[in-house]
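**Student:** Below you'll find the structure I mean.
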Amino acid sequence: MFSAAEVMTTEIQLPDWPPRRLVTETVLSWGFRHLDEESIDCDSAPWPVIRGMILAFLRHQLTDFDARLRARCEHDPGFRDGLAQQIEQAAYHKYPWLAADPRPFGPKSGDSLFLDSMAKRLADLRGIRDQLLSAAKHLRRTGGSRDHIATLQSEAADIAKQIDGMYAFLTKPKAGSNADGEWARSFMHRRDGQRRKWEYDFYSGELGEPLPPNRIEYVGIQCPRCHAPVVRRKQFIDLGQGYNRVSVWSCHCLTYAAHQAYGWRLAPVTFEELEEMVQHTEPSERENRARS
Ligand SMILES: [Zn+2]
């Protein structure tokens, strides 16, 4: 038998996660380990079910519960239950919201800044990749099916590719200079009239509410693709991740945003540049074929 003192003196470290994150990661982690079972919905599953999953997640993924049991060598249910109880107590202490259902979580905060939400997504993807790899490792150790392990590994590899792409996108320099002179980073976003209404879009929030006329100016050129006059938003916008002085132009099919470093004046967008952007954002051959 274990001695109570031995268990109770070891500190349990739990992460500082808000309810939404702990619930989401728990459910994701559970899903990766139970690919053959019906998935659990983190918004609607009964709270006691989710809470049980969270406590198991804390034991097996976020604490050294398994390692301590292995170190103990012999099968000792008393030690195991004591440790589980200790983790449960630590969990209720750290996350008082476990006692009552904290859902629904309400709208996500901080999503309005485009690049910030991308950085957040990147962090989420890293979490998902780690969960997949850890689930695969667990299955290998416990003699899980090869197919199951291979599925987890190939999903982890796909996500790793996405992570690399997003990381490269987010960490590119904002501005610099080359043989042609100084340059600032810009972003082009082509909108698809089939999936979304063709209209002006200045990164003005998810609702895409039109800006009042006094906050925009017509720049005197017309888009060769959607034929809408090009409009510039008068004020800078903040895209997050340090891009806090960004000028935005829009027609109905394209949004162009350019970072403006302090002390710089961006040259006005010319028709030739717009033509180039339109060409650059034409859907590829493959997309065309898929659509027809
Ligand atoms: Zn256009």
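**Student:** Mind listing whichever residues of region 52-97 are small (Gly, Ala, Ser) and under 25 Å from Asp16 (Cα atoms)?
**Tutor:** Gly52, Ala56, Ala67, Gly82, Ala84, Ala90, Ala91
**Student:** Is it fair to say Glu217 is within 16 Å of the ligand (Cβ to nearest atom) and among the acidic types (Asp, Glu)?
**Tutor:** Judged against the criteria, Glu217 is not a match.
**Student:** Looking at Leu58, Leu122, Leu139, Leu115, can you tell me which residue is touching a Gly at 6+ places or on another chain (Cβ under 6 Å), surrounded by 15 or more Cβ atoms within 10 Å (Cβ to Cβ) and at pLDDT below 95?
**Tutor:** Leu115
**Student:** Does Leu266 satisfy the condition of being aliphatic (A, V, I, L, M), more than 16 Å from the ligand (Cβ to nearest atom) and in contact with a Phe, Trp or Tyr (Cβ under 8 Å, 6 or more places away or on another chain)?
**Tutor:** no
**Student:** Something else now. Of the residues that make up region 71-92, is at least one in a helix (DSSP H, G or I) and among the basic types (Lys, Arg)?
**Tutor:** yes
**Student:** Moving to a separate point now. I'd like to know if region 121-134 contains one or more residues that are out of contact with any Pro (no Cβ under 8 Å at 6 or more places or on another chain), in a loop (DSSP other than H, G, I, E, B) and without any contact (Cβ under 8 Å) to a residue 40 or more places away in the chain.
**Tutor:** Within region 121-134, not a single residue is out of contact with any Pro (no Cβ under 8 Å at 6 or more places or on another chain), in a loop (DSSP other than H, G, I, E, B) and without any contact (Cβ under 8 Å) to a residue 40 or more places away in the chain.
**Student:** Taking Phe2 as the residue in question, decide whether it is among the aromatic types (Phe, Trp, Tyr) and either part of a helix (DSSP H, G or I) or at pLDDT 85 or above (or both).
**Tutor:** Judged against the criteria, Phe2 is not a match.
**Student:** Scan Arg59, Arg80 and give me the residue that is without any contact (Cβ under 8 Å) to a residue 60 or more places away in the chain, of a type in the set (Lys, Arg), assigned by TED's automatic domain parsing to the domain that holds Leu98 and farther than 27 Å from Ala123 by Cα.
**Tutor:** Selected residue: Arg80, the only one of Arg59, Arg80 that is without any contact (Cβ under 8 Å) to a residue 60 or more places away in the chain, of a type in the set (Lys, Arg), assigned by TED's automatic domain parsing to the domain that holds Leu98 and farther than 27 Å from Ala123 by Cα.
**Student:** Only residues that are within 13 Å of the ligand (Cβ to nearest atom) and under 11 Å from Ser186 (Cα atoms): list them for region 250-263, please.
**Tutor:** Thr255, Tyr256
**Student:** Follow-up question, since we're still on this one. For region 223-240, indicate whether the set of residues that are of a type in the set (A, V, I, L, M) and more than 15 Å from the ligand (Cβ to nearest atom) is non-empty.
**Tutor:** Yes: one or more hits.
The values are calculated or read from the model by the stated rules, or taken from the named source; none is laboratory data. Bear in mind that the values here come from a model prediction, so they are computed numbers and not experimental data. Positions of Cβ are generated from backbone atoms using ideal geometry, with glycine treated the same way; all protein chains shown enter the neighbour counts.
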